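Participant: For reference, the structure I am asking about is given below.
Values in this text are rule-based calculations from the coordinates and carry no lab data. Since we're looking at a predicted model, the values are computed, not measured. Quick reminder, even Gly has a Cβ in these numbers, built from the backbone with ideal geometry, and neighbours come from all protein chains shown.
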């Protein structure tokens, strides 16, 4: 007999407090000991999580009207430029924005860069930031400049809107072709492929637990930065047509999601500004997404472990900036990456992650607890992500 559940049936169990909810990490353990079919009959929802630098992030801020009114043409928060080509007092602060004249690619030892991601973190932490604005003036908006201390409480609205988050798998970076250290968003890479950098929650990552986008889509309710958020569209660079293994798991960067949520409901532990030497700044974001176990296939998908997920090793000294799409130097599992060392063409390579697995585990656990308490229900997508109906799609492994 085939096991199937509906979204409504699972939500009724969540309301009643009788649903079985586990994290993706726990799901992998349970399925190994009990088998997929038995686990599918036992578990209702699997919670996933990720936390790491997500450069394609930022916040829309409504800074409030002045008297007399102003229509902003330029804006800065703590000297970090924000985009003001919107309505009168709406601005968008991007995670990677840097103060004017601040060299994003500086490699000075010990240099700490402050940018858009840090402004967003400061606001979430309850701090005030110095807002400056300039305008051209006019009959309805005559004021030409403004300067004020602002915090989230004094703003009308503050909405985190991240065009590309939660990448479905990603590169492992090495420097195999330049005879000096290179400075990348995946860390400092020493010559001779002496070390490697990566960034993914692997078996906990949302889209790796729903590789064919059966349950994650437009309108999916999520935890974003520790507060409530939603998937509002597919992310930029979303590409489902990639190499996949027999379980549908992509073997390179594939899907992405665009997410949004109320910045005023978020927490600093899951919204952190990041300074990356030689690259610039970013924003580390915590995201947790529930995956309903509708049938055995979803149970199998969410039973994925780090041993099952392979990532491409890419030479950032040559292939990444110069020859995008070049064949990878090799493939490595996340189990090997988490061990701190892997073998590449007969050589042992030390590796480290710029994302935080413990914090990904923490936000997945928070979502699990909220759901088991009946305080967070599933929201069925109103539309699928592109490529959702394509399995067995993508190029063969």
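Participant: When the Cα centres of region 273-348 and region 373-388 are compared, how far apart do they sit, in Å?
Facilitator: Value for the Cα centre distance between the two parts: 25 Å.
Participant: Another question about this same structure. How many angstrom lie between the C-alpha centres of region 143-215 and region 37-87?
Facilitator: The two parts, judged by their Cα centres, are 14 Å apart.
Participant: Against the longest alpha carbon principal axis of the chain, how many degrees, from 0 to 90 and to the nearest 10, is the axis of helix 24-34 turned?
Facilitator: 0
Participant: Over every pair of different alpha-carbon atoms in region 4-78, take the mean of 1/r and invert it; report that Kirkwood radius in Å. Could you put the intermediate results ahead of the total?
Facilitator: Working: mean 1/r = 0.0583 Å⁻¹.
Mean inverse Cα-Cα distance, inverted, gives 17.2 Å.
Participant: Something else now. Which value in nm describes the separation of the simple spin-label points at residue 264 and residue 297, placed 7 Å from the Cα toward the beta carbon?
Facilitator: 4.2
Participant: Could you work out the helix-only [θ] at 222 nm for the chain, with each DSSP H run of four or more residues adding -39,500 (n - 2.57) and the total divided by the number of residues, to the nearest 500 deg cm²/dmol?
Facilitator: Rounded to the nearest 500, the figure is -5000 deg cm²/dmol.
Participant: Going by how many other beta carbons lie within 10 Å of each one, how would you line up 205, 128, 220, fewest first? Can you show the working numbers first?
Facilitator: Details: 205 28, 128 15, 220 25.
By the 10 Å Cβ count, ascending, the order reads 128, 220, 205.
Participant: From zero outward in steps of 10 Å, how is the percent of C-alpha pairs of the chain spread across the bins?
Facilitator: With a bin width of 10 Å, the distribution comes to 5, 22, 29, 24, 14, 5, 1, 0.
Participant: Further question on the same structure: Could you run the Debye sum over the Cα atoms of region 1-46, one equal point scatterer each and no solvent, and tell me log10 of I(q)/I(0) at q = 0.17, 0.34 Å⁻¹, two decimals?
Facilitator: The computed values of log10 I(q)/I(0) come out as -0.49, -1.19.
Participant: Just how many % of Cα pairs in region 237-358 lie over 19 Å apart, if you round to the nearest whole percent? Provide the component values of the computation, followed by the final result.
Facilitator: Values: 4827 of 7381 pairs.
More than 19 Å apart: 65 percent of the Cα pairs in region 237-358.
Participant: Still on this structure: How big is the C-alpha Rg of region 125-259 next to the rule-of-thumb value 2.2 N^0.38 Å, as a ratio?
Facilitator: Details: Rg = 21.2 Å, N = 135, 2.2 N^0.38 = 14.2 Å.
Rounded to two decimals, the normalised Rg is 1.49.
Participant: Extension gain residue 4-residue 112, at 0.36 nm per residue separation less the Cα-Cα distance, in nm?
Facilitator: Numbers: separation 108, 0.36 × 108 = 38.88 nm, distance 5.22 nm.
Extra length available between residue 4 and residue 112 comes to 33.7 nm.
Participant: Something else: Once you've got the GNM for the chain with C-alpha springs shorter than 10 Å, pick whichever of 61, 86, 189 has the biggest mean-square fluctuation.
Facilitator: 86
Participant: With r defined as the distance between the Cβ atoms of residue 151 and residue 12 and R0 fixed at 51 Å, what FRET efficiency is calculated, to the nearest 0.05?
Facilitator: 0.80
Participant: Quick one: Debye curve from the C-alpha atoms of region 209-290, no solvent, what's log10 I(q)/I(0) at q = 0.12, 0.18, 0.19 Å⁻¹?
Facilitator: -0.44, -0.88, -0.94
Participant: For a protection proxy built on the mean count of beta-carbon atoms within 10 angstrom, sort 266-272, 249-255, 372-378 highest first, please.
Facilitator: Details: 266-272: 20.9, 249-255: 22.7, 372-378: 16.3.
In decreasing order of mean packing, 266-272, 249-255, 372-378 become 249-255, 266-272, 372-378.
Participant: With viscosity set to 1.567 mPa s at 4 °C, what whole-number translational diffusion coefficient in µm²/s follows for region 297-373 from Stokes-Einstein and a Kirkwood radius over Cα pairs?
Facilitator: Translational diffusion coefficient: 86 µm²/s.
Participant: Within a 10 angstrom radius of the beta carbon, how do 7, 76 rank from fewest other beta carbons to most?
Facilitator: On the way: 7 15, 76 22.
Fewest-to-most Cβ neighbours within 10 Å comes out as 7, 76.
Participant: With Kirkwood's inverse mean 1/r over C-alpha pairs for Rh, give me the Rg to Rh ratio of region 1-137, two decimals please.
Facilitator: On the way: Rg = 24.0 Å, Rh = 19.4 Å.
Rg/Rh: 1.23.
Participant: Provide the FRET efficiency to the nearest 0.05 for the residue 379-residue 179 pair, computing r from the beta carbons and using R0 = 51 Å.
Facilitator: Approximately 0.45, to the nearest 0.05.
Participant: Given R₀ = 25 Å, what would the calculated FRET efficiency be for residue 88 paired with residue 127, taking r from the Cβ atoms and rounding to 0.05? The partial results should precede the final answer.
Facilitator: Details: r = 25 Å, r/R0 = 1.00.
Once the sixth-power term is evaluated, E becomes 0.50.
Participant: Report the residue, chosen from 290, 163, 142, that carries the largest GNM mean-square fluctuation when the chain is represented by alpha-carbon nodes joined by springs under 10 Å.
Facilitator: Most flexible of the set in this elastic network: 142.
Participant: Report the gain in length on full extension from residue 33 to residue 323: 0.36 nm times residue separation, minus Cα-Cα distance, nm rounded to one decimal. Intermediate values should be presented prior to the final figure.
Facilitator: Numbers: separation 290, 0.36 × 290 = 104.40 nm, distance 4.41 nm.
100.0 nm is the gain from fully extending residue 33 to residue 323.
Participant: Scattering from the C-alpha atoms of region 292-341 alone, worked out with Debye: what is log10 I(q)/I(0) at q = 0.17, 0.19, 0.26 1/Å?
Facilitator: These q points yield log10 I(q)/I(0) values of -0.67, -0.73, -0.91.
Participant: Would you mind computing, in nm to one decimal, how far apart the modelled labels at residue 69 and residue 144 are, each placed 7 Å from Cα along Cα→Cβ?
Facilitator: 2.0
Participant: Springs between alpha-carbon atoms under 10 Å, Gaussian network over the chain: tell me which of 258, 140, 341 tops the mean-square fluctuations.
Facilitator: 140
Participant: By how many nm would the segment from residue 307 to residue 239 lengthen if fully extended, with 0.36 nm per residue of separation less the alpha-carbon distance?
Facilitator: 22.2 nm
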